[in-house]
There are 2 protein chains.
Amino acid sequence: MQFTAPRGFRGTTANLGLKETGDDFAVVVSEVPCASAAVFTRSRFAGPSVTLSRRDTGAHRSRGMVVISRNANVATGAEGARNAEEVRRRVAGIAGVAPEELVIGSTGVIGRPYPMESIRAGLAALPLPLPEADFPAAAAAIMTTDTRAKHVSARCGDAVITGIAKGVGMIEPNMATLLTFFFTDAEVPAGELDAIFRRVVERTFNALSIDTDTSTSDTAAVFANGLAGPVDPAAFEEALYACALRLVRDIASDGEGASTLIEVRVTGARDTAQAKRAGKAVVNSPLVKTAVHGRDPNWGRVAMALGKLEDDEDIEPGAVRIAFGDDVLYPGGADEEQLKRTAGYLAGDEVVIAVDLGIGGGEFTVYGCDLTEGYVRLNADYTT
Amino acid sequence: MQFTAPRGFRGTTANLGLKETGDDFAVVVSEVPCASAAVFTRSRFAGPSVTLSRRDTGAHRSRGMVVISRNANVATGAEGARNAEEVRRRVAGIAGVAPEELVIGSTGVIGRPYPMESIRAGLAALPLPLPEADFPAAAAAIMTTDTRAKHVSARCGDAVITGIAKGVGMIEPNMATLLTFFFTDAEVPAGELDAIFRRVVERTFNALSIDTDTSTSDTAAVFANGLAGPVDPAAFEEALYACALRLVRDIASDGEGASTLIEVRVTGARDTAQAKRAGKAVVNSPLVKTAVHGRDPNWGRVAMALGKLEDDEDIEPGAVRIAFGDDVLYPGGADEEQLKRTAGYLAGDEVVIAVDLGIGGGEFTVYGCDLTEGYVRLNADYTT
């Protein structure tokens, strides 16, 4: 996908002293007012970036985002709250918008105050006025342990949608991924944008699980400045969904230590909720994740994971079908040749586990990744 | 703890061809009728061993157990059900008890039928009559990927309680651990035994989580043959609890690939259920588990894990206290010296994470282990 940018967004990136090398700060704002929508982590330990942004995005008039990377500013008490307000106010001044129009995001270590002197000095040196936004640079600036920047663009009539995201661990979003932002010059009324965004997030970021851990900082927002004029709402939703799904797949395959993207397609469920629950049980099972990593066509572990839905009394082992790729391994087991073929399939970059519960018409697909020694090593070493 | 056996239990162990070396079969039965109690996995994919045993233990007159190791006999269809019945019937004949008086347990690979010819031949060669039970040998025979046999004994007046257990992975028991059996010559009425056993299991095996995966085969049972006469119920419960806790701690520190036992003590909760939920959130977090493995005093990850209890709106970050061992790291953060001391503490075999929610008087302690490259390696290689 070629990288195309929506009109009317300005911004910059910088190193404010949080990362040893590379940018750790990004700001992107629209030149003109926007319609916006946003969703956030439901964590009880959400930090001031989330509480501040959640409060002010209710007006659906946010014009952009500012992100500090490598420090989550979580569990930092009253000082942390003051620092978040100050950073947002200063950046808003530079960008020529009201502080309430900025979504602030922060990601990284928990429990350590921002290095404010270094941040103030860095902000004072930003270029004025802000140049045209460089979305790939912004995507790179918001990375923490990501191994590659994640950005995507799609056209929708005359309009463009550009999305950036970061997130590799501590990811089982309940409302959003760690940090993801969408910018568009499409004109979409705020109420419609909010409804579309929530539907898209539910089918994409809320279908993603790397390691069952939910971040304290998850934030997702979309900013629509309307410079390209009105668009067909259905086409816009489709394009936004395509962008979000692409980012989700990028995130899953860049999961900490991950070598394989796992897609679990559940069909035949009583309803969507049950399909999602079943998919999450499978994609979150460490035994399923290690089996994929070991290229072991261990359908028994998928059955075990489904068995954990102990309150779903309509799940009957006799009605369930389990396939890896195109090979149905249960019921009936699999012969040696089939197992060998499936083991080969598991060696690929992407694995589809298909589960049919045999109950009704509910469907849901979830995304995750394998569990590797690399995940353990990275998280045993990534330090406070 | 010296190994002392309760009176009146006979049994034997053997290799029936499931393991390449070592015993894979164990039977232990009381010479006389027993009071009994049992709890089982709630998995929707429970196998015939569990369904058969669950049905027949309702009478509270089980006299002992038979275990086949290295094959779970799960997802094996009608043939699997027939095989379980046949094994139990043959062993009951050898032991001189009714089939309904035997709890049958099975653990290992899912989806493969028992090798019945080999099993029949092995059973035909067992010594008759069965000799006095050798509990350590039975504990060894029921092992799969366990690195050591787990057994324990305690006195209660004139009576003895002996427990055996196995289980290292696929363990977040909901009703029991993978397999655990307690034998006693104490005289305890069946109704009282059942109540005591359920209370003990709730505080021990149901407080254990290795990897969030719930087995299809979890079974826990206690057999009391009364040969030592009546005991004080409170003292009996205390002794049974001590035995069960010891086995739980053995299981946690022998968790697949584990190097550290993690004990999460939650206090100050609204009630016991909330305390348990909070403890499980912490002990199951892969980021907490890898932090302990990496000797990283990362209290921020504990806060993150608590934050996942998004529906517990009475959890306020400002009221929570988090300690590793005796060091309170939150609130207030920790200075370099304290972090260094805590890192040293995390290098030990056992780590206590203490969480005070600051709400009420509810308490619960859960047990787990760290997440290591060894877990990944073992489960990537352990094959269907």
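From the set of residues in region B:61-74 that are outside any strand (DSSP E or B) and within 28 Å of B:Ala228 (Cβ to Cβ), which is nearest to the other protein chains (Cβ to nearest Cβ)? Across region B:61-74, the extreme among qualifying residues is B:Ser62.
Is it the case that some residue within region B:314-326 is more than 8 Å from chain A (Cβ to nearest Cβ), among the hydrophobic types (A, V, I, L, M, F, W, C), buried (at least 18 other Cβ atoms within 10 Å of the Cβ) and farther than 19 Å from A:Pro113 by Cβ? Checked region B:314-326: at least one residue is more than 8 Å from chain A (Cβ to nearest Cβ), among the hydrophobic types (A, V, I, L, M, F, W, C), buried (at least 18 other Cβ atoms within 10 Å of the Cβ) and farther than 19 Å from A:Pro113 by Cβ.
Being charged (D, E, K, R) and at pLDDT below 90 narrows it down to one of A:Lys308, A:Lys280, so name that one. Break it down stepwise before answering.
Values: A:Lys280 fails: at pLDDT below 90.
Matching residue, one of A:Lys308, A:Lys280: A:Lys308.
For A:Asp146, the conditions (1) in a loop (DSSP other than H, G, I, E, B); (2) closer than 21 Å to B:Pro317 by Cβ; (3) under 16 Å from the mean Cα position of the chain (by Cα) are fulfilled apart from (2). Picking from residues in region B:130-143 that are at pLDDT 95 or above and not in a helix (DSSP H, G or I), the one that is surrounded by the most Cβ atoms within 10 Å (Cβ to Cβ) is B:Ala133.
Consider region B:273-291 and keep the residues that are β-branched (Val, Ile, Thr) and either under 20 Å from A:Val74 (Cβ atoms) or at the interface with chain A (Cβ under 7 Å from one of its Cβ atoms) (or both). The one that is nearest to the chain's Cα centre (by Cα) is B:Val282.
Suppose we keep only residues that are touching a residue at least 24 places away in the same chain (Cβ under 8 Å) and of a type in the set (Gly, Ala, Ser) within region A:144-171. Which one would you say is surrounded by the fewest Cβ atoms within 10 Å (Cβ to Cβ)?
Within region A:144-171, the first condition is being touching a residue at least 24 places away in the same chain (Cβ under 8 Å), and the residues that meet it are A:144-148, A:150-171.
Applying the additional criterion that residues be of a type in the set (Gly, Ala, Ser) yields A:153-154, A:157, A:159, A:163, A:165, A:167, A:169.
On the way: A:Ser153: 21, A:Ala154: 21, A:Gly157: 14, A:Ala159: 25, A:Gly163: 24, A:Ala165: 29, A:Gly167: 33, A:Gly169: 23.
Here the answer is A:Gly157.
In region A:327-336, the residue that is farthest from the other protein chains (Cβ to nearest Cβ) out of those that are surrounded by 16 or more Cβ atoms within 10 Å (Cβ to Cβ) and small (Gly, Ala, Ser) is A:Ala334.
Could you tell me whether B:Glu79 is assigned to a helix (DSSP H, G or I), in contact with a Lys or Arg (Cβ under 9 Å, 6 or more places away or on another chain), surrounded by fewer than 24 Cβ atoms within 10 Å (Cβ to Cβ) and not basic (Lys, Arg)? No; evaluated as a whole, the condition is false for this residue.
The set of residues in region B:239-275 being touching an Asp or Glu at 6+ places or on another chain (Cβ under 8 Å) and among the hydroxyl-bearing types (Ser, Thr, Tyr) consists of B:Ser253, B:Ser259, B:Thr260, B:Thr267, B:Thr272.
Let's see how each residue does on (1) more than 26 Å from A:Ser285 (Cα to Cα); (2) surrounded by fewer than 23 Cβ atoms within 10 Å (Cβ to Cβ):
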position: B:Phe205; (1), (2): no, no
position: B:Gly226; (1), (2): yes, yes
position: B:Tyr241; (1), (2): yes, yes
position: B:Ala258; (1), (2): no, no
position: B:Ile262; (1), (2): no, no
position: B:Ala269; (1), (2): yes, no
position: B:Val282; (1), (2): no, no
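Checking each residue in region A:362-379 for being buried (at least 24 other Cβ atoms within 10 Å of the Cβ) and of a type in the set (Gly, Ala, Ser) picks out only A:Gly368. Between A:Gly268, A:Gly226, the distinction of being more than 22 Å from A:Lys150 (Cβ to Cβ), in a loop (DSSP other than H, G, I, E, B), of a type outside the set (Lys, Arg) and modelled with pLDDT of 90 or more belongs to A:Gly226 only.
All told, A:Val231 falls short of being among the aliphatic types (A, V, I, L, M), under 21 Å from A:Gly105 (Cα atoms) and touching a residue at least 24 places away in the same chain (Cβ under 8 Å). For region A:241-256, state whether one or more residues are out of contact with any Leu (no Cβ under 6 Å at 6 or more places or on another chain), closer than 30 Å to A:Ala72 by Cα and within 14 Å of chain B (Cβ to nearest Cβ). The answer is yes, given that some residue of region A:241-256 is out of contact with any Leu (no Cβ under 6 Å at 6 or more places or on another chain), closer than 30 Å to A:Ala72 by Cα and within 14 Å of chain B (Cβ to nearest Cβ). Here A:Arg301 meets each of (1) charged (D, E, K, R); (2) more than 9 Å from chain B (Cβ to nearest Cβ); (3) assigned to a helix (DSSP H, G or I) with one exception, condition (2).
Does A:Ala252 meet the test of being hydrophobic (A, V, I, L, M, F, W, C), in a helix (DSSP H, G or I) and modelled with pLDDT under 90? Yes; evaluated as a whole, the condition is true for this residue.
For (1) closer than 29 Å to A:Leu247 by Cα; (2) in contact with a Cys (Cβ under 9 Å, 6 or more places away or on another chain); (3) of a type in the set (Lys, Arg), each residue gets a yes or a no:
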| site | (1), (2), (3) |
| --- | --- |
| A:Glu310 | no, no, no |
| A:Ile315 | no, no, no |
| A:Gly325 | yes, no, no |
| A:Arg341 | no, no, yes |
| A:Asp356 | yes, no, no |
| A:Glu363 | yes, no, no |
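Among the residues of region B:337-355, none is identified as charged (D, E, K, R) and within 11 Å of chain A (Cβ to nearest Cβ). Applying a threshold of 9 Å to beta carbon distances and a minimum spacing of six or more residues, or different chains, the list of pairs starting in region A:364-381 at a residue that is within 7 Å of chain B (Cβ to nearest Cβ) and ending at one that is surrounded by 19 or more Cβ atoms within 10 Å (Cβ to Cβ) and of a type in the set (Lys, Arg) reads A:Leu371/A:Lys289; A:Thr372/A:Lys289; A:Val376/B:Lys289; A:Asn379/B:Lys289; A:Asn379/B:Arg301; A:Ala380/B:Arg295. Select, from A:Ala72, A:Ala95, the only residue that is buried (at least 24 other Cβ atoms within 10 Å of the Cβ), more than 24 Å from the chain's Cα centre (by Cα) and closer than 24 Å to A:Ala220 by Cβ. Only one candidate qualifies: A:Ala95.
The values are calculated or read from the model by the stated rules, or taken from the named source; none is laboratory data. Note that the structure is a prediction, hence the values are computed from the model and not measured. Cβ coordinates were reconstructed from backbone atoms using ideal geometry, including for glycine residues, and neighbour counts include every protein chain displayed.
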